[in-house]
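The values are calculated or read from the model by the stated rules, or taken from the named source; none is laboratory data. Note that the structure is predicted; figures quoted are calculated from it, not measured. Neighbour counts are summed over all protein chains in view; Cβ atoms, including those assigned to glycine, are modelled from backbone coordinates with ideal geometry.
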Amino acid sequence: MEIYFKQMVGYLIHVFQVTSGQLFVIFGPLIILALFLNFSAILTARLSVRFWGRNLFLYGFGWLGCSVHELSHAFFAIIFGHKIKEIELFKPNSDGESIGHVSHSFNKRSIYQKTGNFFIGIGPLLAGGIVLFVITLILFHIQITEIFKFRITSEIFSDKILFNQFVAALWSGLISCKELVFGGTPIAWWKFVVLVFVLYSTGSSMTLSKSDVKGAVAGFLWVIIFSLIFNLLTLWIGDFAAQAVAKIAQYISGFYFLLMLSFVCNLLFIMLFFVLNILKSIFTS
């Protein structure tokens with residue numbers, strides 16, 4: 001009896017270990033990047049409002065970022081079968097604050113729709129990466145996802161060699177992007193203006209509200225539950241999900257590079273407007 005108990009405990013521990021590894025590879029970088037992107041976007045927006053003024057920032061740049069933000073919520077709501085009740089892409093109130101929202105409902109008995117709340121909640125972060133991919137593809141014919149070849153694994157933070165390889169691949173990817181955009185033939189000035197405008201407008205709106213976070217957390221709990229149940233029922237036969245997770249990691253690593261690049265762009269905007277605000281305060285005083 002004791003032997004069976006130990007085997008059962010060992011199996012449960014194995015299930016938790018495998019599940020946590022799978023979830024880290026697929027969602028770990030996204031959650032980590034979400035924190036950094038959310039913080040950088042908030043700081044970018046605050047510094048921008050301080051420099052431009054709230055109304056000028058919102059009507060000059062915020063309208064695009066806010067529209068993309070809300071459209072991303074609506075897009076994933078439709079993908080996961082939610083019913084869209086109302087969409088407001090950009091509707092500032094009398095105080096000049098940006099108000100946009102997507103009202104949707106879902107079947108609380110559907111695990112698929114409840115899981116979708118995770119993707120609906122983090123939609124603005126995913127949209128930022130997609131916008132970066134599309135705009136560079138259209139303007140410069142660059143597929144950024146093809147630049148980053150490193151595949152993220154669950155051992156990246158525990159294996160020093162793997163982590164160093166990841167940092168090297170990330171740095172190489174950033175340099176390659178710079179060279180592809182600026183290092184070749186001289187680019188038309190309007191392409192550079194459009195690129196900066198789009199990255200700045202969308203980058204400053206890649207923030208998550210409290211309701212976004214609440215919905216994403218609730219949805220992610222169902223992702224965890226589903227993964228645990230699947231592994232609990234199948235690991236004793238074999239790790240069927242290992243190959244699928246590896247394949248997914250191969251595809252999404254390039255997308256995570258897009259999010260890293262979006263974060264770097266936000267950092268550049270933060271530094272720029274930090275300096276501009278200092279100069280503004282000097283000249284106005």
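What do you reckon, is E155 among the acidic types (D, E) and under 25 Å from Y251 (Cβ atoms)?
Yes; evaluated as a whole, the condition is true for this residue.
Can you name every residue in the range 260-285 that is out of contact with any helix residue (DSSP H, G or I) (no Cβ under 8 Å at 6 or more places or on another chain) and of a type in the set (S, T, N, Q)?
S281, T284, S285
For the range 62-74, which residues satisfy the criterion of being buried (at least 22 other Cβ atoms within 10 Å of the Cβ) and out of contact with any Gly (no Cβ under 9 Å at 6 or more places or on another chain)?
Listed by number, the list holds a single entry, G62.
May I ask you to list the residues in the range 140-182 that are closer than 20 Å to G129 by Cα, in a loop (DSSP other than H, G, I, E, B) and of a type in the set (S, T, N, Q)?
Q143
Yes or no: F255 surrounded by 14 or more Cβ atoms within 10 Å (Cβ to Cβ), under 21 Å from the mean Cα position of the chain (by Cα), among the aromatic types (F, W, Y) and at pLDDT below 90?
yes
Of the numbered conditions (1) at pLDDT 85 or above; (2) under 19 Å from the mean Cα position of the chain (by Cα); (3) more than 27 Å from Q17 (Cα to Cα); (4) not acidic (D, E), G121 satisfies every one except a single condition; which is it?
Failed condition: (3).
Count, please, the residues in the range 75-129 that happen to be touching a strand residue (DSSP E or B) at 6+ places or on another chain (Cβ under 8 Å) and either within 22 Å of S48 (Cβ to Cβ) or surrounded by 19 or more Cβ atoms within 10 Å (Cβ to Cβ) (or both).
9
Quick one: S227 ticks every box in (1) surrounded by fewer than 16 Cβ atoms within 10 Å (Cβ to Cβ); (2) in contact (Cβ under 8 Å) with a residue 24 or more places away in the chain except a single one, so which number is it?
(1)
Free of Cβ contacts under 8 Å to residues at least 60 places away in the same chain and surrounded by 12 or more Cβ atoms within 10 Å (Cβ to Cβ), is that true of S172?
yes
Does I225 fit the bill of being assigned to a helix (DSSP H, G or I) and farther than 29 Å from W63 by Cα?
yes
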